[in-house]
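Colleague: Below is a structure I'd like to ask you about.
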Amino acid sequence: MTLQATFLGTSGAVPTTERNPSSVFVRREGDAFLFDAGEATQRQMMRYGTGFDVSDVFVTHAHGDHVFGLPGLVQTWDFNDRDDPLTIHVPRGVRREVADLVFAIGGDVGFPVRISEVSAGESVLDRPEYEIRAFDTAHRTTSVGYALVEHDRKGRFDREKAEELGVPVGPKFSQLHEGTAVELEDGTVVRPEQVVGDPRPGRKLVYTGDTRPHDAVVAAADDADLLIHDATFADDAVERARRDRPR
């Protein structure tokens, strides 16, 4: 089951000659998402061949280095006759600002665009096999992070064992993997537990965006398989980091 993250931009505040501002493309099986969309996100998508079949964009906060890629991306989708709806998830209270940015040039586009406000603690996207949750982060402006959390997955199917038991290759493999016993031509019954392993815990991907040290982030990242955590200040800026921390 594919779960892949492609780093399109990892530079804070401004782009450099080597790095673009914040944006991460995530593909989970057939679903594709963007977490933040800094400047030139669409160019990075072309460069790394991620595909453009994004259904949802998850914005951590409305600072330019996390959203300036949205207008161009939406316009490109429109030029390419996109029909599928797009949902842009943003922290509660900034919907108007993001809508003004996305539609500043060109007005309406030829596909549905919904900008949905989210709050920490909400299940932002709920699918049968996983969900994406928002959690609280600490920044100078309203902000959230996002956790993609899979539900427990089915155990691995032991094809070799199934064939040893005489199960023919085909639909009966799927039936067993789905938890249904099958009967063979000689009347033998093969049960799922004979060829399917124990359920496997789902995977967890956490994206924090900009955040100061915060207990909610630590809790959200507990047991994560992949934590994508923004870090702005290098060691040579330690004094500035201390000044910018909340009192």
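The values are calculated or read from the model by the stated rules, or taken from the named source; none is laboratory data. As the structure is a computational prediction, the values presented were derived from the model and not from experiment. We place every Cβ from the backbone using ideal geometry, glycine too, and count neighbours over all the protein chains shown. Areas reflect the complete protein model, heavy atoms only, side chains present, ligands, DNA and RNA absent. Shrake-Rupley method; radii C 1.70, N 1.55, O 1.52, S 1.80 Å.
Colleague: Going through R43, R28, R19 one at a time, which residue ends up being open to solvent by 20 Å² or more (accessible area, probe 1.4 Å) and in contact with a strand residue (DSSP E or B) (Cβ under 8 Å, 6 or more places away or on another chain)?
Modeller: Only one candidate qualifies: R19.
Colleague: Mind checking whether some residue in segment 200-214 is out of contact with any helix residue (DSSP H, G or I) (no Cβ under 7 Å at 6 or more places or on another chain), touching a residue at least 40 places away in the same chain (Cβ under 8 Å), in a loop (DSSP other than H, G, I, E, B) and exposed (fewer than 13 other Cβ atoms within 10 Å of the Cβ)?
Modeller: Checked segment 200-214: at least one residue is out of contact with any helix residue (DSSP H, G or I) (no Cβ under 7 Å at 6 or more places or on another chain), touching a residue at least 40 places away in the same chain (Cβ under 8 Å), in a loop (DSSP other than H, G, I, E, B) and exposed (fewer than 13 other Cβ atoms within 10 Å of the Cβ).
Colleague: Could you please let me know if V238 is surrounded by fewer than 11 Cβ atoms within 10 Å (Cβ to Cβ), of a type in the set (A, V, I, L, M) and not in a loop (DSSP other than H, G, I, E, B)?
Modeller: Answer is yes for this residue.
The rows are residues; the columns are (1) more than 26 Å from Q194 (Cβ to Cβ); (2) under 16 Å from the mean Cα position of the chain (by Cα); (3) part of a helix (DSSP H, G or I).
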position: R114; (1), (2), (3): yes, no, no
position: E117; (1), (2), (3): yes, no, no
position: R133; (1), (2), (3): yes, yes, no
position: R140; (1), (2), (3): yes, no, no
position: A147; (1), (2), (3): yes, yes, no
position: E163; (1), (2), (3): no, no, yes
position: P168; (1), (2), (3): no, no, no
position: F173; (1), (2), (3): no, no, yes
position: T180; (1), (2), (3): no, no, no
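Colleague: When the residues of segment 1-36 are narrowed to those that are at pLDDT below 95 and out of contact with any Asp or Glu (no Cβ under 9 Å at 6 or more places or on another chain), which ends up nearest to G155 (Cα to Cα)?
Modeller: The selected residue is R19.
Colleague: Only one of these is in contact with a strand residue (DSSP E or B) (Cβ under 8 Å, 6 or more places away or on another chain), in a helix (DSSP H, G or I) and either open to solvent by 10 Å² or more (accessible area, probe 1.4 Å) or under 16 Å from Y146 (Cα atoms) (or both): D53, D65. Name it.
Modeller: Exactly one residue qualifies, and that residue is D65.
Colleague: Let me ask something else about it. Give just the number: which of (1) assigned by the TED database to the domain that holds T60; (2) open to solvent by 100 Å² or more (accessible area, probe 1.4 Å) does E183 not satisfy?
Modeller: Going through the list (1) assigned by the TED database to the domain that holds T60; (2) open to solvent by 100 Å² or more (accessible area, probe 1.4 Å), E183 breaks only (1).
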